[in-house]
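The block underneath contains the structure these notes are about, expressed in structure tokens.
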Amino acid sequence: MASIFGKTSSGETVHCYRLYGKENAYVEFLDYGASIHAICVPDKNGVLCDVALGFSDISYYEKQDCYIGATVGRVCNRIENSTFTLNGKTYPLYANDGKNHLHGGKIGFDKKIWQAEEHDDSITFTYVSVDGEEGYPGTLTVSVTYTFDKNNKLTILHTATTNKDTLCALTNHCYFNLNGDSSTTILNHILTLYADSFTSADAESIPHGEIVPVTGTPMDFTTPTQIGKGIDSDYEPIRFGKGYDHNWILNNTDIVARAYSEKSGIQMDMTTTLPGVQFYSGNFLDGSLIGKNNVPVTNRSGFCLESQYFPNAINVDNFEKPLLKAGDVYKHQTTYQFSIKK
Ligand code: BGC
């Protein structure tokens, strides 16, 4: 059942939707940005705690540029020089990250109100992005279906169709804090990324095709490793990203990432059908936004695991392209399973 969350500055009503899992666990979603607003799961003492960053006030969702909780599109992550060529035609895009295009442009999918449809144990949000919106060709009809099952597994299914060949690369940009306390940092979390390599990027976080093995670097999370261990190292990619903000190339495993907080005992396992994951350690959160319970959203108070095609893929020969042809169906699925570590 939907409740009213608030009104945007232009007077549109934003709704909040809730799905229940087991032991009273629940996830809340907003039609604004088809966002994840809260993920409340039991900690090791059975106390429900919220492991997702978000805001109590819609005005923060409107003004934020951190994409907290949001569905990101039409193309997530960066496109170099805000331009790409498709079927011989060059498309200029809005440059909202220096000279580059980030997370869909000036007004991305995160700032739109989506149409909600509630089902028994899932919710589908749909948005129609018209031909030419943010510079992209083709009218794209995009849907996100969230399911939260009786095992506390959150499933995100993205689908889309277009009437002209276009790009489509959607992700969810939830920031997790598995301590269940957003006034703490995520530096104590133990992370495993089932990824033997990452895409090296320049100082503007743009990859150009180089693939680097993680072995012997602070990017190596192939065994459980504390996030804080290497986050301030002098390794050039870490300096460029001001911490972790890179695309890992996923090994072909069922679970692609596992994060754990000893404090709460909560563990999160991730799966995805996409080839990459952006592990972003909240390096640009600066305390200027006030989150839920009046807690400022401070540096490294949350981390993202964004399933994705590799950043800038459309401009890099050896990367799989996020192309959606007219008549085809875009489909990918990502899951986050919450449990208490045994
Ligand atoms: C990007 C970061 C960016 C953040 C918020 C992440 O997906 O990789 O560089 O600061 O989103 O915009």
TODO: Please work out how much length the chain gains when fully extended from Glu12 to Glu118, using 0.36 nm per residue of separation minus the C-alpha to C-alpha distance, in nm with one decimal.
DONE: 36.2 nm
Task: 5 angstrom amide H check on Asn247, placed H, neighbours 5+ away - done: Thr199
Task: Contour minus Cα-Cα distance for Asp232 and Asp196 (0.36 nm per residue) - done: 10.9 nm
Open item on the list: What distance in nm separates the two pseudo spin-label positions at Tyr26 and Lys331, each 7 Å out from Cα along the beta-carbon direction?
Closed with: 3.1
Open item on the list: Give me a comma-separated list of calculated 3J(HN,Hα) values for segment 268-273, in order, Karplus coefficients 6.51, -1.76, 1.60 applied at θ = phi - 60°, integers in Hz, x for any Gly or Pro.
Closed with: 10, 10, 10, 10, 7, 8
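Could you please state how large a percent of the accessible area of segment 45-91 is carbon and sulfur, counting protein chains only and using a 1.4 Å probe? Intermediate values should be presented prior to the final figure.
Working: 760 of 1760 Å².
Using a 1.4 Å probe with all protein chains present, segment 45-91 comes out at 43 percent carbon and sulfur.
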TODO: Take every Cα pair under 8 Å in the chain that's 6+ residues apart, average their separations, divide by the length, and report that relative contact order as a whole percent.
DONE: 18
Task: ³J(HN,Hα) computed for each position of segment 217-222 - Karplus, 6.51 cos²θ - 1.76 cosθ + 1.60, integer Hz, glycine/proline x - done: 10, x, 8, 7, 10, 5
TODO: Report, in whole Å, the centroid distance computed from the Cα atoms of segment 93-137 and segment 11-59.
DONE: 21
Open item on the list: Keeping every protein chain present and rolling a 1.4 Å probe, give me the accessible area per residue for the chain in Å².
Closed with: 40
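Suppose a student asked you for the relative contact order of segment 2-151, using Cα pairs under 8 Å spaced at least 6 residues apart; what percent would you report?
On the way: 307 pairs, mean separation 29.1, N = 150.
It rounds to 19 percent for segment 2-151.
Could you calculate the FRET efficiency of Ala203 with Asp65 from 1/(1 + (r/R0)^6), where r is the beta carbon distance between them and R0 is 25 Å, rounded to 0.05? List each step's numbers first, then the result.
On the way: r = 20 Å, r/R0 = 0.79.
Taking R0 as 25 Å, the efficiency between Ala203 and Asp65 is 0.80.
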Open item on the list: What is the percent carbon and sulfur in the accessible area of segment 208-342, measuring with a 1.4 Å probe over the protein chains and ignoring ligands?
Closed with: 49
Open item on the list: For the pair Asn283/Ala95, report the inter-label distance in nm, with labels modelled 7 Å from Cα in the Cβ direction.
Closed with: 2.1
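With r defined as the distance between the Cβ atoms of Ile211 and Asn299 and R0 fixed at 35 Å, what FRET efficiency is calculated, to the nearest 0.05?
Working: r = 29 Å, r/R0 = 0.84.
Efficiency at R0 = 35 Å is approximately 0.75.
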Open item on the list: Under the rule of at least 5 residues apart or a separate chain, name every residue whose amide H is placed under 5 Å from the amide H of Leu48.
Closed with: Asp43
TODO: Starting at the first residue of segment 309-321, write each ³J(HN,Hα) from the Karplus equation 6.51 cos²θ - 1.76 cosθ + 1.60 with θ = phi - 60°, in whole Hz, x for Gly and Pro.
DONE: 6, 5, x, 6, 4, 5, 9, 10, 3, 8, 9, 4, 8
Open item on the list: Only four residue types carry charge here, +1 at the Cβ of Lys and Arg and -1 at the Cβ of Asp and Glu. Report the dipole size of the chain about the Cα centre in Debye, rounded to the nearest 20.
Closed with: 280
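For Asp149 and Ile340, what does the FRET efficiency come to when R0 = 22 Å and r is the distance between their Cβ atoms, rounded to the nearest 0.05? Write down the numbers at each step before the final one.
Numbers: r = 16 Å, r/R0 = 0.75.
Working from the Cβ atoms, E equals 0.85.
Using a 1.4 angstrom probe with every protein chain in place, what is the largest-first accessible-area order of Lys150, Lys111?
Details: Lys150 135, Lys111 50 Å².
Largest accessible area first, the list is Lys150, Lys111.
How large is the dipole of segment 69-164 about the Cα centre if only Lys and Arg carry +1 and Asp and Glu carry -1, each at its Cβ, rounded to the nearest 20 debye?
Details: 10 positive and 11 negative charges, 84 e Å.
Its charge dipole is roughly 400 debye.
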Open item on the list: Given the options Asn315, Ala326, Val297, identify the residue whose Cα lies farthest towards the positive end of the charge dipole of segment 296-342 (+1 on Cβ of Lys, Arg; -1 on Cβ of Asp, Glu).
Closed with: Val297
- [ ] For Thr222 and Met1, calculate 0.36 nm times their separation in residues minus their Cα-Cα distance, and state this gained length in nm to one decimal.
- [x] 75.5 nm
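Would you mind classifying segment 4-136 by shape? Square roots of the alpha carbon gyration tensor eigenvalues, ordered a ≥ b ≥ c; an a/c under 1.5 is rounded, otherwise it is prolate if a/b is larger than b/c and oblate if not. All intermediate terms of the calculation are to be shown ahead of the outcome.
Details: a/c = 2.18, a/b = 1.99, b/c = 1.09.
Since a/c reaches 1.5 and a/b is larger than b/c, the shape of segment 4-136 is classed as prolate.
For Cα pairs less than 8 Å apart in space and 6+ apart in sequence, what is the mean separation divided by the residue count of segment 101-144, i.e. the relative contact order in percent?
Worked out over segment 101-144, it gives 30 percent.
The values are calculated or read from the model by the stated rules, or taken from the named source; none is laboratory data. In this text, all values refer to a predicted model and were calculated from it rather than measured experimentally. Please note: Cβ atoms are built from the backbone with ideal geometry, for glycine as well, and neighbour counts cover all protein chains shown. Accessible surface areas use protein heavy atoms only, side chains included; no ligands, DNA or RNA. Shrake-Rupley method; radii C 1.70, N 1.55, O 1.52, S 1.80 Å.
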